[in-house]
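The values are calculated or read from the model by the stated rules, or taken from the named source; none is laboratory data. It should be emphasised that the depicted structure is a prediction, and the values quoted were computed from it without experimental measurement. In this analysis, Cβ positions are derived from the backbone assuming ideal geometry, glycine residues included, and neighbour counts consider all displayed protein chains.
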Amino acid sequence: MMGLRSKDLLGLEHLTREEIELILDTAVPCKQIFTRDIRKLPTLRGKTMVNLFYEPSTRTRTSFELAGKWMSADVINIVASSSSVVKGESLKDTVRTLESLGANIVVMRHSAAGAPHFLAKSVEAAVVNAGDGAHEHPTQALLDLFTIRERKGRIEGLEVVIVGDILHSRVARSNIWGLTKLGASVTVVGPPTLIPPEIEKIGAKVSYDLDEAIRHADVINVLRIQLERQKKGLFPSMREYVSLYGINRERLTRAKEDVLVLHPGPANLGVEITQEVAESHCSAISEQVTNGVAVRMAILYLVSAGGKRHEAAS
Amino acid sequence: MKLLVKCAHVVDPINNIDDVRNIVIDGNRIESLETGEVSETLFDKVIDAAGLHAFPGLIDMHVHLREPGFEEKETIESGTRAAAAGGFTTVAAMPNTEPAIDNSAHVEYVRSRARHYGFCNVEVVGAITKRREGRELSEIGDLVQAGVVAISDDGNTVANSEIMRRAMEYLRMYDIPAIVHCEDESLSRDGVMNEGFNSTRLGLKGMPRLAEETIVARDVIMAEKLGARLHVAHVSTRGAVEIIRRAKERGARVTCEATPHHFSLTDDLIESYDANFKMNPPLRTHDDVLAILEGLRDGTIDAIASDHAPHTVEDKDVEFDYAPFGVIGLETTLTVSLTNLVSKNILPLPELIRKLSANPAKILGLTGRGHLSKGAIADVTLVDLNCERTIRSSEFESKARNTPFEGFRGVGVVRFVINSGRVVYDGQIVRA
């Protein structure tokens, strides 16, 4: 495996197992940078990387920015609101601007699913999806995989539970693709109103009963629950949600002793997860943040090394 | 002006004709279909149609001409040019323009523009409610006086059942149908594609089949109880087809139409996030396509209509979520229907022509059209069924390019279109 097949990283659905493993393996040496005195590698010197964020994000944007800077790329941040797009500044215009600026890598977050795919079709630059609508968030899933592999020593054969708002979650979708490609078994858990139709066809099992589902889980990935979903009538109250699907110490007593708890952040402590669990030895939430930088360094390196240009993502 | 169409293979389901005839046209009327020799010297113009099929002029009962209000997308002139190039001699223009066609003055505007600039006959559909807002009935009597052939708030459902009830009751005075766009918007709000596996996979907000089917059921029940004539536009789901099939079995005065994209394509195509596959109702699944094909075969679905919905390239070349709904179809409907229905033995040719001509004429009350009887309006579409074409939007007469059938290869090339006795298309548009 020499590199990635596509110039872009748009999602895990179209990556092969080998490509995913290549990214994870490349991230291992990248992580060593955290232990160095001088956190600077020359890898991306002379390359321009644009962080194009149409949705607010602190973690993902900072993580990409740091990854780019530590590898000596020139990093530009563009924070646009999705509303300005609606007002007439089209993504097409932005694409032309970025091309004129000579961007080599564009990291994009957008509230519209497929927006990075739209961008990738029209630019020479490598496009990295930093989250598109409810579609995919490949770098988050890759850092989750990296964290699981580091803590558990493997992914093949593990039982992974993803709990929460699966319907609106790009993290869940990317995780399902990645985990199942690497041989893990995935169960999504939440109320039926937050489970998207026919998700079984992607390869996940569905359960509405968290206590039952976590009994055999090696990993529990806890998703953020947003109050606005309740206002849209998707579940009756936050109180009921927390009682059915909140992760707390009492509930975890039913899980395996060495269960690993992940959360993509930012967590609503006391809602989908208690602070006690988030800070316990079974949580890898802080490591996820650190690993995120390493995984993104690996991705920036691999896409700048170029997949084959103009090859379709599929 | 006397026109002879020589040696055409005439397919006229109303008159049960399916063989070679000479079509004699006098002025704007059909004079006769002759089986024997006809002396050419008696005619001002002769079209040698040997090897071509002749159909009663095709009728597309669901078209958005966009004028007035959205002339950048399409005009009556460009839309009717597209119709002629696609083999259509009559289109029914939907009223979701700006302003909406909700009074007689607006109807007259469209009709007069069509008379001056049109390349086909344009029938007008009036709005059910003022400004298509679903709150107050339009002056339906006034609309009928002005010549509308149906009423519809197409694009919207009349969500308020009381208003819909009153519209149907009011229609007892007139023999025109209510054409309904069936969508419970509280179920489909913010949706951009069919809800199902692909919406889950692509992370796009789904529009459930339920949104269509619950309103089809409501309107069918209401029409039955209230005695109104109902035409369900663009059915797209198995459930909708089944509701209408059962209503017809009970004798309800219900008709419906399907579009070529709904009987040909599935939501798998949205993988590319290409907004030329975004329309409302959305592309559904293979199972729904099979149900629509079955509905076409067993007669549940009466008509094929394009739901020609032009948009500019700028409108469509954006993120999938932000693109408007709608695809064009006037210049693709015939080829796609011949290829996917007749060549694949879903429908015999005369049955296809019935759904593209006789049935829409009947539904819209156009007695002089949809057949080639003596005295009928001389609308004739001449097609080479042995010739293949590849659909290329760059060659369209329409202003718009938003087709989901780009690159589609199929049979059927329109050679001549005669509209009220005048040749409007002979391989290209013929100006008067």
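So is B:Leu334 away from every other protein chain (no Cβ under 14 Å) and under 17 Å from the mean Cα position of the chain (by Cα) or not?
Judged against the criteria, B:Leu334 is a match.
If a residue has to be touching a His at 6+ places or on another chain (Cβ under 8 Å) and either within 14 Å of chain A (Cβ to nearest Cβ) or closer than 20 Å to B:Leu364 by Cβ (or both) to count, how many in region B:179-236 make the cut? Give the derivation first.
In the first step, residues of region B:179-236 are kept if they are touching a His at 6+ places or on another chain (Cβ under 8 Å); the result is B:179-181, B:202-204, B:233-236.
So of that shortlist, the ones also either within 14 Å of chain A (Cβ to nearest Cβ) or closer than 20 Å to B:Leu364 by Cβ (or both) come out as B:179-181, B:202-204, B:233-235.
Qualifying residue count for the region: 9.
Quick one: would you say B:Leu33 is touching a strand residue (DSSP E or B) at 6+ places or on another chain (Cβ under 8 Å) and either under 21 Å from B:Asp302 (Cβ atoms) or in a strand (DSSP E or B) (or both)?
Numbers: touching a strand residue (DSSP E or B) at 6+ places or on another chain (Cβ under 8 Å): yes; either under 21 Å from B:Asp302 (Cβ atoms) or in a strand (DSSP E or B) (or both): yes.
In short, yes.
How about region B:13-28: which of its residues are in a loop (DSSP other than H, G, I, E, B) and either surrounded by 20 or more Cβ atoms within 10 Å (Cβ to Cβ) or within 26 Å of the chain's Cα centre (by Cα) (or both)?
Step one: of region B:13-28, the residues in a loop (DSSP other than H, G, I, E, B) are B:16, B:27-28.
Selection gives B:Asn16, B:Asn28.
Across region B:257-289, what is the total count of residues that are assigned to a helix (DSSP H, G or I) and either free of Cβ contacts under 8 Å to residues at least 24 places away in the same chain or under 14 Å from B:Thr403 (Cβ atoms) (or both)?
Qualifying residue count, region B:257-289: 9.
Contact list please: Cβ distance under 6 Å, first residue in region B:200-222 and assigned by TED's automatic domain parsing to the domain that holds B:Pro281 and part of a loop (DSSP other than H, G, I, E, B), second residue among the acidic types (Asp, Glu) and crowded, with 24+ Cβ neighbours inside 10 Å, pairs at least six apart or on different chains.
These pairs meet every condition: B:Pro208/B:Glu195.
Six or more apart or on different chains, Cβ under 9 Å: which pairs go from a residue in region A:86-107 that's within 14 Å of chain B (Cβ to nearest Cβ) and within 25 Å of A:His137 (Cα to Cα) to one that's surrounded by fewer than 21 Cβ atoms within 10 Å (Cβ to Cβ) and at pLDDT below 85? Could you list them?
A:Glu89/A:Ala80; A:Thr94/A:Ala80
Exactly one condition in (1) crowded, with 24+ Cβ neighbours inside 10 Å; (2) under 18 Å from the mean Cα position of the chain (by Cα); (3) in contact (Cβ under 8 Å) with a residue 40 or more places away in the chain is false for B:Glu67; which is it?
B:Glu67 satisfies every listed condition except (1).
Counting only residues that are closer than 21 Å to B:Ser199 by Cβ and within 14 Å of another protein chain (Cβ to nearest Cβ), give me the helices (runs of 4 or more DSSP H) lying completely in region A:140-258 with at least 2 of them.
Correct list: A:170-181, A:227-231.
What's the number of the only condition in (1) more than 13 Å from chain B (Cβ to nearest Cβ); (2) over 30 Å from A:Gly233 (Cα atoms); (3) assigned to a helix (DSSP H, G or I) that A:Phe118 fails to meet?
A:Phe118 satisfies all of (1) more than 13 Å from chain B (Cβ to nearest Cβ); (2) over 30 Å from A:Gly233 (Cα atoms); (3) assigned to a helix (DSSP H, G or I) except (1).
Any idea which of (1) surrounded by fewer than 24 Cβ atoms within 10 Å (Cβ to Cβ); (2) within 9 Å of another protein chain (Cβ to nearest Cβ); (3) assigned to a loop (DSSP other than H, G, I, E, B) is the one A:Glu124 doesn't satisfy?
All conditions are met except number (2).
Quickly run through region B:290-329 and pick out the residues that are within 14 Å of another protein chain (Cβ to nearest Cβ), in contact with a His (Cβ under 8 Å, 6 or more places away or on another chain) and either surrounded by 24 or more Cβ atoms within 10 Å (Cβ to Cβ) or without any contact (Cβ under 8 Å) to a residue 12 or more places away in the chain (or both).
Within region B:290-329, B:Glu319 is the sole residue that qualifies.
Among the candidates A:Ala27, A:Ala67, A:Ala113, single out the residue that is within 13 Å of another protein chain (Cβ to nearest Cβ), surrounded by 14 or more Cβ atoms within 10 Å (Cβ to Cβ), within 20 Å of the chain's Cα centre (by Cα) and not hydroxyl-bearing (Ser, Thr, Tyr). Lay out the reasoning, then the answer.
Values: A:Ala27 fails: within 13 Å of another protein chain (Cβ to nearest Cβ); A:Ala67 fails: within 13 Å of another protein chain (Cβ to nearest Cβ).
Only one candidate passes the filter, namely A:Ala113.
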